[in-house]
Amino acid sequence: MSIFSDDVVASITGYMNGNQPDTTLLIARVHGNAPKAESAFMRGFDEHRAVFTVTTPDGVDDVEVPWGHTLTSRDEVRTELFRLFESAVIGDGT
């Protein structure tokens, strides 16, 4: 069970899917080990990981992207998503 309320999860995933689809796709491709993903949908998260549903030429699959540490607040989710995006752009793998 997640420490985050359903409202928090819905708010953040709604924002990522509705306002940041390219960021969502990049995070799933790089950190979810899904380089062939054509689209990605942030399905949910908890304090340990984010879960994305990706569509590839081979079909649809879920991938998990672990956070860099155990998260305890909504602000940490935002920070961690930005960190994942930034490291995907830079290509440093962190």
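The values are calculated or read from the model by the stated rules, or taken from the named source; none is laboratory data. Note that this is a predicted model, so its numbers are computed, not measured. Quick reminder, even Gly has a Cβ in these numbers, built from the backbone with ideal geometry, and neighbours come from all protein chains shown.
The lone criterion from (1) touching a residue at least 60 places away in the same chain (Cβ under 8 Å); (2) assigned to a helix (DSSP H, G or I) left unmet by T72 is number (2).
Across the stretch 43-94, which residue is modelled with the lowest pLDDT among those that are among the polar types (S, T, N, Q) and either more than 12 Å from the chain's Cα centre (by Cα) or more than 14 Å from T24 (Cβ to Cβ) (or both)?
Selected residue: T94.
Residue count for the stretch 57-94 under the criterion of being surrounded by 14 or more Cβ atoms within 10 Å (Cβ to Cβ) and in contact with an Asp or Glu (Cβ under 8 Å, 6 or more places away or on another chain): the result is 2. With respect to the stated conditions, D22 fails to be surrounded by 13 or more Cβ atoms within 10 Å (Cβ to Cβ), acidic (D, E) and not in a loop (DSSP other than H, G, I, E, B). Filtering the stretch 39-57 to residues that are touching a Pro at 6+ places or on another chain (Cβ under 9 Å) and either among the small types (G, A, S) or outside any strand (DSSP E or B) (or both) leaves S39, A40, H48, A50. So is V54 under 24 Å from I90 (Cβ atoms), surrounded by 16 or more Cβ atoms within 10 Å (Cβ to Cβ), of a type outside the set (K, R) and in contact with an Asp or Glu (Cβ under 7 Å, 6 or more places away or on another chain) or not? It is true that V54 is under 24 Å from I90 (Cβ atoms), surrounded by 16 or more Cβ atoms within 10 Å (Cβ to Cβ), of a type outside the set (K, R) and in contact with an Asp or Glu (Cβ under 7 Å, 6 or more places away or on another chain). Apart from one condition, N19 fits all of (1) more than 24 Å from S5 (Cβ to Cβ); (2) out of contact with any helix residue (DSSP H, G or I) (no Cβ under 7 Å at 6 or more places or on another chain); the exception is (1). Annotation note: of A40, A34, the sole residue that is out of contact with any Gly (no Cβ under 8 Å at 6 or more places or on another chain), at pLDDT 95 or above and crowded, with 16+ Cβ neighbours inside 10 Å is A34.
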